[in-house]
Amino acid sequence: MRAPQHDESLEPILSSGGVIEPPLGYFAALAEKCRERGMLLIVDEAQTGLCRTGTWYAFERDGIVPDILTLSKTLGAGLPLAAIVTSEEIERRAHERGYLFYTTHVSDPLVAAVGNTVLDVLRAQELDARARELGEYLRAGLVAIKERHPAVGDVRGRGLMQGVELAAAEGGADALGARITRRCLELGLHLNVVQLPGMGGTFRIAPPLTATREELALGLEMLDQAIADTSGRAGG
Ligand SMILES: Cc1ncc(COP(=O)(O)O)c(C=O)c1O
């Protein structure tokens, strides 16, 4: 076995990169490659973790268990809280090797209490199942929008993390994405469009896990309207 050069870190669904979901089997193969090379597999679930994709962690779909899991964002319900989750063995070895991590708020009991409450609420309200059900509803609505508008090229994602990619349009998908985003805001919908140059034609849609069907329906209606108003190519 070769000495490991570095460890591998991945996002189960590339969110800011355009809501890209690698196919089933990809991560299992990657985990195997990591094992072969003596590398640790680090899974970053800052965006996908804590029920968002319909399971507690997105890696569950792939039947893998990361050596290190990183969490952030929703863990603190708006407060700055992140977590590194690992095995006792890895923690012990990191400690023995003098690994040191410092920030002002390291081990802050206030945000830790908030994080524990977030976990309790997710469990008590079974928000993984809710994200699955609402995700299906949202997905069906987005697919219906795609069928109505040739400007929409693809709908993808899992649970309450969905991406809507615009097809190439006159002036580019980036420009159309910006127009639709502006029109949505006028109609009352805040929509997040991927900011990377050349990839600006993908909307990232990740509503709260506590959203109602009525709220999702309203959002879908506004998006449908905004695309019709700006793409000028709505189908029948
Ligand atoms: C996938 C992913 N990982 C990590 C981070 C960083 O999170 P934080 O700034 O809370 O540490 C982000 C922030 O956008 C992210 O999208």
Report summary line: Length-normalised contact order of the range 127-231, Cα under 8 Å, at least 6 apart, in percent, tallies to 29 percent
Report summary line: Diffing the range 36-41: the Karplus 3J(HN,Hα) column from phi (6.51, -1.76, 1.60, θ = phi - 60°), in whole Hz with x for Gly and Pro, holds 4, 9, x, 9, 7, 9
Requested in this report: Positive end of the charge dipole of the chain (Lys, Arg +1 and Asp, Glu -1 on Cβ, about the Cα centre): tell me which of Ile180, Pro12, Thr212 has its Cα farthest that way.
Outcome: Ile180
**Report entry** GluC sites (Glu not before Pro) restricted to the range 56-155 and DSSP loop, no more than 16 other C-beta within 10 Å
**Finding:** Glu126
**Report entry** Selection of trypsin sites (Lys or Arg not before Pro), the range 92-145, meeting DSSP coil and at most 15 other Cβ within 10 Å
**Finding:** Arg97
Report task. Taking the Cα centre of the range 127-231 as origin, sum charge times position over the Cβ atoms of Lys and Arg (+1) and Asp and Glu (-1), and report the length of that vector in debye to the nearest 20. Result -> 200 debye
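Which order do the peptides 63-69, 45-51 come out in when sorted by mean C-beta neighbours inside 10 angstrom, highest first?
Going from most to least packed, we get 45-51, 63-69.
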Query - Angle between the chain longest axis and helix 109-124 axis [Cα atoms, degrees, rounded to 10] - result: 60 degrees
Report task. Would you kindly give the portion of the calculated P(r) for the chain that falls above 30 Å, as a percent of all Cα pairs? Result -> 35 percent
Query raised in the report: What per residue convex hull volume, in Å³, comes out for the range 55-146 when only alpha-carbon positions are used?
Result: 150 Å³
Requested in this report: Take every Cα pair under 8 Å in the chain that's 6+ residues apart, average their separations, divide by the length, and report that relative contact order as a whole percent.
Outcome: 18 percent
Query raised in the report: If amide H atoms are built 1.01 Å from N in the plane of the peptide, which residues on other chains or at least 5 residues away come under 5 Å of the amide H of Gly153?
Result: Glu165, Leu166, Ala167
Query raised in the report: Any idea what the dipole of the chain comes to, in debye rounded to 20, about its Cα centre with Lys/Arg Cβ at +1 and Asp/Glu Cβ at -1?
Result: 300 debye
Query - Rg/Rh (Cα only; Kirkwood hydrodynamic radius) as it applies to the range 8-124 - result: 0.98
Report summary line: Most packed first (mean Cβ within 10 Å per residue), the peptides 180-186, 149-155 order as 149-155, 180-186
Query - Share antiparallel - DSSP beta bridges, the range 8-124, percent rounded to 5 - result: 45 percent
**Report entry** Kirkwood hydrodynamic radius of the range 68-114, Cα pairs, Å
**Finding:** 11.9 Å
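Inverting the mean 1/r over all pairs of different Cα atoms, compute the Kirkwood radius of the range 99-234 and quote it in Å.
It is 16.6 Å.
Here, each number is a calculation from the coordinates, and none is a lab measurement. Because the structure is predicted, anything quoted here is derived from the model rather than measured. Reconstructed Cβ throughout: ideal geometry from the backbone, glycine too, with neighbour counts over all protein chains shown.
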